[in-house]
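Every number in this text was worked out from the coordinates using simple rules, so none of it is lab data. Because the structure is predicted, anything quoted here is derived from the model rather than measured. Counting neighbours? That spans all protein chains shown, and the Cβs are built from the backbone with ideal geometry, glycine included.
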Amino acid sequence: NAVPNIALLSSGGGQRAMVGLLGSLVELNKAGLLDCILYLSGISGSTWCMASLYQEPDWSTKLEAVKNKIIKRLSGPGVNWVDALAKL
């Protein structure tokens, strides 16, 4: 039985794209297909998720920990726009 080669392509769209890719990876893992992914590609917001993944060398075996880090980061304090605009 040959293992299929799967390419996962993810779109942009800010935080929605980041969460969308994370959700897809979690569900692929539950289905036992995550290790079949040969290529992972994304643009814009989905690359935010990819950057978090690639901080862990064995991210596919530590997906739950990566997911929790992303959730913690997203639920943290937001950008202080007054400070951000003052730096422009």
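Values as computed for the structure displayed
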read-out: Interchain or long-range residues, amide H under 5 Å from residue 42's placed H; value: 10
read-out: The chain - percent relative contact order, Cα under 8 Å, separation 6 or more; value: 31
read-out: Projected-area average for segment 6-77 over all orientations - Cα convex hull basis, square nanometres; value: 4.4
read-out: Candidates 52, 60, 41, ranked by Gaussian network fluctuation over the chain, Cα under 10 Å, top entry; value: 41
read-out: For the chain, built as a Gaussian network whose Cα springs stay under 10 Å, the top-fluctuating residue of 12, 32, 20; value: 32
read-out: Residue among 76, 45, 14 with the largest mean-square fluctuation in a Gaussian network model of the chain, springs linking Cα atoms under 10 Å; value: 76
read-out: Lys, Arg +1 and Asp, Glu -1 on Cβ, resulting dipole of the chain about Cα centre, debye, nearest 20; value: 260
read-out: In nm, spacing of pseudo-spin labels at residue 5 and residue 26 (7 Å Cα→C-beta vector); value: 3.1
read-out: Farthest toward positive dipole pole in the chain [+1 Lys/Arg, -1 Asp/Glu at C-beta], among 13, 59, 85; value: 85
